[in-house]
Every structure is written in C-alpha cells, then in structure tokens.
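The values are calculated or read from the model by the stated rules, or taken from the named source; none is laboratory data. Here the structure is a predicted model, which is why all the values come from computation and not from measurement. Neighbour counts run over all protein chains shown; Cβ positions are idealised from the backbone, glycine included.
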C-alpha cells in the first residue's frame, strides 16, 4: 500500500480543530501510505483543491469544521461542500473521506475533533484495501 498516495485537504478556519483532525488522520496513514497535506482557508475551498489534484492521488481526506451561527450560511456551506465532495468521488471513482465536522457549537466541534480525523482516514483506507 506504500505506493498509494493520499491527499489531505484541511480547512484552517478553526485552526485548533483542524490541527487535531490532521494529526489523527496522519497517524492512521503514516505507516502504510504516502500522503500530503494542503491547507485551505475554509471548507468551501476543499472540493476545488481535490478537483485540481484528482489525477495525482489515489484517495483524499477532507478535514475542517463548520459551526452553526445565526444565519443560513451554515446550511449552504455544509450542503454545497458535501454534495461537491460526493460528486467528485463518484465521477472519478476515488474515495474521499469526509472529515468535515458540522456542529451546533464549538463544544460539540471540539468533542467530535477527537476522533473525526481518524474516522475519515479509516474510511478511505477501507476502500483502498
């Protein structure tokens, strides 16, 4: 499996949460896969970076966080990003682990950040195996 390449695309908007997600995903991959991390400003930029790199990697892991605020922005960003990631995965027949946390508040996001990165990495690994 060492010849399989995985790209982790990590949104930095909530940097402390993203760091945790990245560490967990990387720890799952480091012994068996080559991987690279590209950092983007927010989750909305993740699909375009995956699309630009779709031919260079065997799999992808999308990491980041969207926390619900007082406007519908949360719903639009979450849905658009999820749909784009799924469409890329289907169109190119490559696994994309969705490690993007969507939560109602920072406390929920923090709790989910303790395992979401490794869950996304394990999902990708299971499809690559």
Unmet requirement for residue 89, which otherwise passes all of (1) farther than 18 Å from residue 126 by Cα; (2) surrounded by fewer than 22 Cβ atoms within 10 Å (Cβ to Cβ): (1)
Suppose we filter region 79-129 for residues that are in a loop (DSSP other than H, G, I, E, B), within 16 Å of residue 65 (Cα to Cα) and without any contact (Cβ under 8 Å) to a residue 40 or more places away in the chain; how many remain? 2
Given the structure, is residue 97 within 20 Å of residue 128 (Cα to Cα), modelled with pLDDT of 95 or more and touching a helix residue (DSSP H, G or I) at 6+ places or on another chain (Cβ under 7 Å)? yes
Selection from region 1-18 of residues that are assigned to a helix (DSSP H, G or I) and exposed (fewer than 15 other Cβ atoms within 10 Å of the Cβ): 15, 16
Restricted to region 28-47, and to residues that are in a helix (DSSP H, G or I) and either in contact with a helix residue (DSSP H, G or I) (Cβ under 7 Å, 6 or more places away or on another chain) or at pLDDT below 95 (or both), which residue is surrounded by the most Cβ atoms within 10 Å (Cβ to Cβ)? 43
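Just checking, does region 55-72 include any residue being under 25 Å from residue 19 (Cβ atoms) and part of a helix (DSSP H, G or I)?
So far as region 55-72 goes, no, none of its residues is under 25 Å from residue 19 (Cβ atoms) and part of a helix (DSSP H, G or I).
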Return yes or no: is residue 64 on the phi > 0 side of the Ramachandran plot, touching a residue at least 24 places away in the same chain (Cβ under 8 Å) and either surrounded by fewer than 21 Cβ atoms within 10 Å (Cβ to Cβ) or touching a strand residue (DSSP E or B) at 6+ places or on another chain (Cβ under 7 Å) (or both)? yes
